[in-house]
Each structure stands twice: as C-alpha cells, then as structure tokens.
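Since every read-out is calculated from the coordinates, none of them should be taken as a lab result. Worth saying up front: this structure is predicted, and the values here are computed from it rather than measured. FYI the Cβ positions are ideal-geometry reconstructions off the backbone, even for glycines, and counts take in every protein chain you see.
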Amino acid sequence: MSISERLPISMRTEALESILVERSLVDPKVMDAYIKMYESDVGPLNGAKVVAKAWVDPEFRERLLADGTAAVAELGFKGPQTEHLEVRENTGQVHNVVVCTLCSCYPWAVLGLPPSWYKDPAYRSRIVREPRAVLHEFGLELGADVEIRVADSVSECRYMILPQRPAGTEDLSEEELAALVTRDAMVGIATVAGPS
Amino acid sequence: MDGIHDMGGMQDWGSVKPPDPDERPFAEDWEKRAFALALLSMRVSGTNLDAFRHSMNRLEPLDYLADGYYGRWLRGAENLLTDSGIIAPGAVDARTRKQLGDDVVEPPEPEPHRPDYKPTAGGSLRPLDAEPRFSPGDAVRAKDIHPSGHTRLPQYVRGRTGTVRRVQPAAVLPDTHAHFEGENIQHVYSVDFASRDLWGPEAEEFVLNIDLYDSYLEPVA
C-alpha cells in the first residue's frame, strides 16, 4: 500500500480501541491510568532526583554505581523497563552515551518514556558508528582525549548516566541541583550546565 | 530476523533531531491510546514482551516507519491480536473504513487461539545456578548467524570479536521466548567492542558496549 492510500494512524488506533472495548477485552479506565502514569507521575524528574542525591551524598553515589536497581528503589523508583539498572558515571576522562539500536529500550522508571530524538532512526543508526559526530550535532564537544563509550541496551539491562556536577554549584541544595539535571545529560548527549 | 528495525550502523538517515527539553511523552492524543492499547494487547493476546518486540520487527518497512514509534506499537499490537485469533485479519482496516463512512462489511470475530504460554515469573530476569561460561576479560566472538525469527543480536556485531566486561543478571532468551518455545534462561554478558573492529580503520575511536545472551557468543581461542 502506498503512502497516499494509507489509512490515518489516529483512525486505526480509534478503530482498534473500539473493537477491543466493545468486547470488554480492554477497559478504557485502565488505559487512562497507564497514560496518566507516564504523563504525570513517571518522568525524567525521577532521574534528576537520583543524580542530585548522588552529587550530595557520597555513600548513595557509591551504592548507585554498585547496584543501580537497589539504589534508585531507595527513592521509590522501580517498575517496567527498569528490571535491572546500571548507572554509569561520566567524568573528564570517560563519556558514556546510551542507545537501543533495535527498538528504543529506555529506563522508564527513572527517565519516563523516551524522547523523539532517542527513537529517531538517525540516532539509532549513527550513535554506534560515529558518536563524536552525532554528539557534535547535539552541540556537545568532547576533548580528543576523552574516551567515548556507547552502550547499546538491547537486553533487559537499562542504563542511566550520572553526569558530572557542574562547577559553581557548591552552595546549591539537593532540590536546586535536581532542577539543573536534564534528560539529555542522563542519556549522555549533553552535560549539565551550571546555574545561569 | 534481518529487518528494518536493526538500524545500528545504517547510513543515510540524515541529521539527528534537535532535543526539546520540554517535550511531553506523547506528541498527539492517538499516541497515548496506541501506547496503552499495545501494553494491554500483550495480556489480551496471551503473549509477552519479546513477542511484542518481534511483532514490530516483522512489520513491512513502510508500516514500521510511516507512523513513527507509537505507530509501530499499534501495528505490532494488531499483529499479536491477529496471531492469537482475538481479532480477524483486516478487522482494524474494516472498522477504520466504516468510521470514515465507507460501506464495509466487517469480518466475523474469529475463534481465539492464544499460544500455549505461561511465564514462570514476572519480568525477564531469572536466577540461574549454572556458572557463566565467560568471565570478565575473556575474548568472545559474536556468532555470524541470521535467524529468521526474533533475536536481539544486531547485525553490526555479528562475526566481530570483543571482550567481556561483566556478567549481567541472567534472563529469558528473547529468541525462544518470543515464539513461546521456552524461557531458555541464559547468562548475559556486557561485551566491549573496539570501534575499528566494527567499522574499519578509518572509524572514530570509541568503545561500543552491548549486552549479549550466552548463545550469541563463542569463545575465541
């Protein structure tokens, strides 16, 4: 079927929902609850809290890097697509970045659902082949001596990056630090900027 | 299978999309419904997450790409529901055309035939008593295999040699689990590949790290 003959996906979605709901196979209220969970409750703010805590609490940081799953569960973060979480630390010497080339696996419990750029074929195809060029397109310039490590998360292990704490943030509270942390830094396509 | 989904290393996809820090989880309302329908379809069809991933991978490339991420979730869900006899082939097309005002006869409800499948536990990770075959530091080669069914072994590492970095928690093998042929619990290894062993001497220098199931690997003498 050519593109011009295709039925609109929004209509197909409505059609499938109506078929399943009229046969009581799917409850729209349950659908609403799933949607609300990922629109309102689970998102990158979870990961930002984890990062800020790791920046201010050296013992938590150690636990986080040793057993990410257990450490983020201390903050109540666990759930689908985060059965096993490994947290990798970005430093001045090593820069980690995460992808899933086969679908778009992503640590939902700490980062929510994946953003458009992560799901896009350009990112999925290129970051495992020319990461420095891709990071440059995202506006991230790394020194020639920085080792780049790309994690292709195709199994059930999920990855989150612990970015470097920016300079000039010594006096900030944990909450103020969390507000600086971005989704992009926790996937590894950006660093965290200090307070402007 | 060697399908459109296996994108690692493909060329000609253009520039990456600029990130939007304020991006919401769903761009359009139908994406929300497709997301929830797909999650629920796994239960309704009596299948599992690996079968769902495979249901998307075997879409025709145009169907895989045309409506983006949640478009393929919806079409994958349609595959699962059709395979299990929950909806008839063509049922979604017919209902859509009817809603658009066409005079169509919808296919009758089929006889369900869900797969003979019951997980031994929730999720995908499972304990495994057997000792891992490989240890950190071991040289391993990703097998050069081309299964027609589901696999999580991307083409770009097949036949290449890497180094085991660590042993990950054991998990059900997607290749059999997706086809209801057993959980086949295996060790999973985090393996490092040098970029130039994947892409040649002109490639950027970096380390590619990927988790591979035991049966994807062979020892390097």
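At-a-glance table
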item	result
Projected area, mean over directions - chain B, Cα convex hull, nm²	15.7 nm²
Debye intensity ratio I(q)/I(0), log10, the protein assembly as shown, q values 0.13 Å⁻¹ (C-alpha model)	-1.19
Segment B:95-221, relative contact order in percent, only Cα pairs under 8 angstrom and at least six apart counted	24 percent
Order of A:TYR123, B:TYR213 under a 10 Å beta carbon neighbour criterion, fewest first	B:TYR213, A:TYR123
Cut-off under 5 Å, modelled amide H: who pairs with B:ASP138 long-range	B:VAL164
Cross-link pairs A:LYS78/A:LYS119; B:LYS32/B:LYS118; A:LYS53/A:LYS119; A:LYS119/B:LYS32; A:LYS78/B:LYS32 - those with Cα-Cα distance over 24 Å	B:LYS32/B:LYS118; A:LYS53/A:LYS119
Packing-based exposure ordering (other Cβ within 10 Å, fewest first) of A:SER153, A:SER104	A:SER104, A:SER153
Sorted peptide list for A:80-92, A:31-43, criterion being average Cβ within 10 angstrom, highest first	A:80-92, A:31-43
Under the span-like rule (Cα at least 20 Å along the axis, Kyte-Doolittle mean at least 0.0), DSSP H helices of chain B	B:29-44
Karplus 3J(HN,Hα) series, Hz, for segment A:97-113 with 6.51 cos²θ - 1.76 cosθ + 1.60 (x for Gly, Pro)	9, 10, 8, 10, 6, 8, 9, 6, 3, 7, x, 3, 4, 9, 10, x, 7
For B:VAL191, distant residues with modelled amide H under 5 Å away	B:ARG165, B:ILE210, B:ASP211, B:LEU212
